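What follows is a single structure, written as structure tokens, with notes after it.
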Amino acid sequence: MLKLSICFGSACHLRGAYSVLNAFKALIDKYQVQSEIDIEGNFCQGQCTEGVVIKLNDEIIHNVAKEKVHDIFVEKVLGGKPH
Ligand code: FES
């Protein structure tokens, strides 16, 4: 099970954390991988200038915008191959 944490601190919120969440949710529905990924919200990760900050298992990814979610999802969740 992959664990996705999204920062919902105020800086990341302003930078579009909810759009990032919704983009992930839409892809999870589209690819029917609800059982493979768990999403949770996080408080400020102390890296506000590089938000939106997300964490996939132990890997921190900075500067995530909703436009980048698809690429991250394909690489990290689908293992590089959209099916
Ligand atoms: S608000 Fe997200 S890192 Fe600070």
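For first residues located in segment 62-83 and of a type in the set (D, E, K, R), partners that are surrounded by 14 or more Cβ atoms within 10 Å (Cβ to Cβ) and at pLDDT 95 or above and lie 6+ apart or on another chain with Cβ distances below 6 Å form the pairs K66/S19; K66/V20; K66/A23; K76/L56.
For segment 10-25, taking the residues that are buried (at least 20 other Cβ atoms within 10 Å of the Cβ) and among the aliphatic types (A, V, I, L, M), the one that is farthest from the ligand (Cβ to nearest atom) is identified as A23.
Listed residues K76, K30, K55; which is away from the ligand (no atom under 16 Å from the Cβ), closer than 18 Å to M1 by Cβ and of a type in the set (K, R)?
Values: K30 fails: closer than 18 Å to M1 by Cβ; K55 fails: away from the ligand (no atom under 16 Å from the Cβ).
Just a single option satisfies the conditions, and that option is K76.
The set of residues from segment 40-52 being of a type in the set (A, V, I, L, M) and either away from the ligand (no atom under 16 Å from the Cβ) or surrounded by fewer than 15 Cβ atoms within 10 Å (Cβ to Cβ) (or both) is empty.
The values are calculated or read from the model by the stated rules, or taken from the named source; none is laboratory data. Note that the coordinates shown come from a computational prediction; the quantities given were computed from them, not determined experimentally. Here the Cβ is made from the backbone with ideal geometry for all residues, glycine too, and neighbour counts use every protein chain on show.
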